[in-house]
1. Please indicate, with yes or no, whether at least one residue in the stretch 488-498 is more than 25 Å from Ser263 (Cα to Cα) and modelled with pLDDT under 95.
2. With respect to Thr355, determine if the residue is closer than 20 Å to Arg405 by Cα and either buried (at least 24 other Cβ atoms within 10 Å of the Cβ) or under 15 Å from the mean Cα position of the chain (by Cα) (or both).
3. Scan the stretch 374-394 and report the pairs whose first residue is under 25 Å from Met421 (Cβ atoms) and whose second residue is basic (Lys, Arg) and buried (at least 22 other Cβ atoms within 10 Å of the Cβ), with Cβ atoms within less than 6 Å and a gap of 6+ or a chain change.
4. Of all residues in the stretch 312-345 being farther than 24 Å from Ile389 by Cβ and free of Cβ contacts under 8 Å to residues at least 60 places away in the same chain, which is farthest from the chain's Cα centre (by Cα)?
5. With respect to the numbered conditions (1) in contact with a helix residue (DSSP H, G or I) (Cβ under 7 Å, 6 or more places away or on another chain); (2) without any contact (Cβ under 8 Å) to a residue 60 or more places away in the chain, which one is the sole condition not fulfilled by Asn457?
6. What are the pairs with Cβ atoms under 7 angstrom where one residue, in the stretch 191-205, is touching a residue at least 24 places away in the same chain (Cβ under 8 Å) and polar (S, T, N, Q) and the other, located anywhere, is assigned to a helix (DSSP H, G or I) and surrounded by 16 or more Cβ atoms within 10 Å (Cβ to Cβ)? Sequence gap at least six, or different chains.
7. On the basis of being crowded, with 22+ Cβ neighbours inside 10 Å and in a strand (DSSP E or B), does Ile176 make the cut?
8. Going by the conditions given, is Cys153 of a type outside the set (A, V, I, L, M), in contact with a Phe, Trp or Tyr (Cβ under 9 Å, 6 or more places away or on another chain), surrounded by 22 or more Cβ atoms within 10 Å (Cβ to Cβ) and in a helix (DSSP H, G or I)?
Amino acid sequence: MSETLANLLQETRQFPPPAELAAAANLTAEAYDEAAADRLAFWERQARRLHWSKEWDQVLDWSNPPFAKWFVGGQLNVAYNCLDRHVEAGYGDRVAIHWEGEPGDTRTITYAELLALTCQAANALTALGVTAGDRVAIYLPMIPEAVVAMLACARIGATHSVVFGGFSTDALTNRIQDANAKLVITADGGYRRGKATALKATVDEAVSRCPSVERVLVVRRTGQEVSWSERDVWWHDTVETASTEHTAEAFDAEHPLYILYTSGTTAKPKGILHTSGGYLTQVAFTHHAVFDLKPETDVYWCTADIGWVTGHSYIVYGPLANGATQLMYEGTPDTPHRGRFWELVQKYKVTILYTAPTLIRTMMKWGEDIPKGYDLSSLRLLGSVGEPINPEAWIWYRENIGRGRCPIVDTWWQTETGAIMISPLPGVTATKPGSAMRPLPGVSAEVVDDQANPVPNGGGGFLVLTEPWPSMLRTIWGDDQRFIDTYWSRFDGLYFAGDGAKKDDDGDVWLLGRVDDVMLVSGHNISTTEVESALVSHPSVAEAAVVGATDPTTGQAIVAFTIPRGHVDTSGDAGTALIAELREHVSKTLGPIAKPRQIMLVPELPKTRSGKIMRRLLRDVAENRSLGDVTTLQDSSVMELISAGMRAGKSDED
């Protein structure tokens, strides 16, 4: 980036915490002072919220940066912290998981029952030859067995690698091979959009290319036909017949807990390695602090999939370490109808909801009448995760889901950081729509320019982390040099993972998306996030994606792909008029420099199964290139519609 990012979007609305929540909040403003006074002592206090079999000798060893060791010499068992200690404290009858299958089948699992299942799975894995340090690949739908499988691995010291159940054979194969996994846990299939999807067949094909795999453990979920070989065993024949007695063994704080692969844009996927003590400390602390969890009364729901880091940190390890009661849902938000999520909030009296901006914008597109039909009065706190949330989606979420009562915690973090890093504290922060606000107590983050100098308030640049944190990735599995090159080489001694950000006049942080998605227009670096936010602030727009396309005059020009709201007429002259109106709207909101060269009105945007917009494909369309790899798309036919629309010229160019 030749200049710092232009700071175009101004947002002045503020929402103070509800008085009642603030009065009883888990964290007060004093936490910031406490952490600033002695950061390492602060993290020691958070670590003591857990059960340690052996206390640590040193909080942090940073003698060989960027390779950190936290709670050096300490020993604990992650599964014991998530299960046994709650049962021993008398909370065995508390519900750990309310599970709802997509077809409507349900299970209620208490902490005592989850502990028994995990012990059975630990015994079964041991009987299948899995020992501490072995890697286990998990390829499951959103069913309780996914949680049990992860906890059983943690219990016996095996390192799990969860692969999202929507990934292709090639993606699964690469991840099994890279981790050298000994065992794969899968299911016959799962339910998605009203249909039983197959998983076992994908595993069979992948495993045929993976000589490291000795056994495949299969959960029966749908009852569909599956092919069978001598390496395959059924979950119900092994796990469900095993003993419920199992003693958890303590492991070193730096013992590998899991590998989670995050896609490199070009190279092979990166296996992000997280270890035990520091990771559990920070996910438990942030879940307690950011969501203000009251385990006796709250029903918490994180809508992520177990295959992403959000599922690891804020479905499995953070909530269970804190003794939370949570909802887990197998299916999609529009099956069997578009009110499914709100029906579940109403049914289980969910109090804390953590979801993604993509989903919120989809709900906006479907219309506010849908959530209006449900009783959402149980909700007391809303969270957002996954990408920057634009102010209009934030306000819609607050008004239509939170009914104007609930604080919103917009959280910034990554697979690599392991836990939430920047977020409001619900009992402390006067939030601003679209801003992640400030680094959490104990976290050191800064926005810097090209030369690594902090930018002044009102300026934009690169988001970096300036001090090590407990839940940080320890390396890229099997590739220390790639770890150094990817995250630590851009700025000396600073962690940089590719996000642009700005500080407003108060010093609060606004995420601007990947710096790869920044457009250089007539010498100005403009964030796609800000232009998308400007478009979505127009009452006719539900969602927008913006890319830069090569332009002979300006270097890059702004091309926008826009989904109109359901009621908007886009035919003929009405569509042309709307495009002209939207271009002027952006110009007025952000300034003439940000006026899109082209606006396409489209029915859908290309998204991965996790809801991320694939701007790479939109850049291909904008520049009339043949489309790149579309295998991770949720619906590849979307690209045909968009390309056809582009060829038909449903755009407006000066």
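The values are calculated or read from the model by the stated rules, or taken from the named source; none is laboratory data. As the structure is a prediction and not an experimental result, all values here were calculated from the model. For neighbour counting, all protein chains shown are included, and Cβ atoms are generated from backbone atoms with ideal geometry for every residue, glycine included.
1. Let us first name the residues in the stretch 488-498 that are more than 25 Å from Ser263 (Cα to Cα), namely none.
No: zero hits.
2. Numbers: closer than 20 Å to Arg405 by Cα: yes; either buried (at least 24 other Cβ atoms within 10 Å of the Cβ) or under 15 Å from the mean Cα position of the chain (by Cα) (or both): yes.
Yes; evaluated as a whole, the condition is true for this residue.
3. Sorted first by the residue in the stretch 374-394, then by its partner, the pairs are Ala393/Arg361.
4. Among those residues, the one meeting the criterion is His337.
5. Answer for Asn457: the failing condition is (1).
6. Cβ pairs passing all conditions: Thr202/Thr169; Thr202/Leu172.
7. Values: crowded, with 22+ Cβ neighbours inside 10 Å: yes; in a strand (DSSP E or B): no.
The answer is no for Ile176.
8. Working: of a type outside the set (A, V, I, L, M): yes; in contact with a Phe, Trp or Tyr (Cβ under 9 Å, 6 or more places away or on another chain): yes; surrounded by 22 or more Cβ atoms within 10 Å (Cβ to Cβ): yes; in a helix (DSSP H, G or I): yes.
Against the criterion (of a type outside the set (A, V, I, L, M), in contact with a Phe, Trp or Tyr (Cβ under 9 Å, 6 or more places away or on another chain), surrounded by 22 or more Cβ atoms within 10 Å (Cβ to Cβ) and in a helix (DSSP H, G or I)), Cys153 qualifies.
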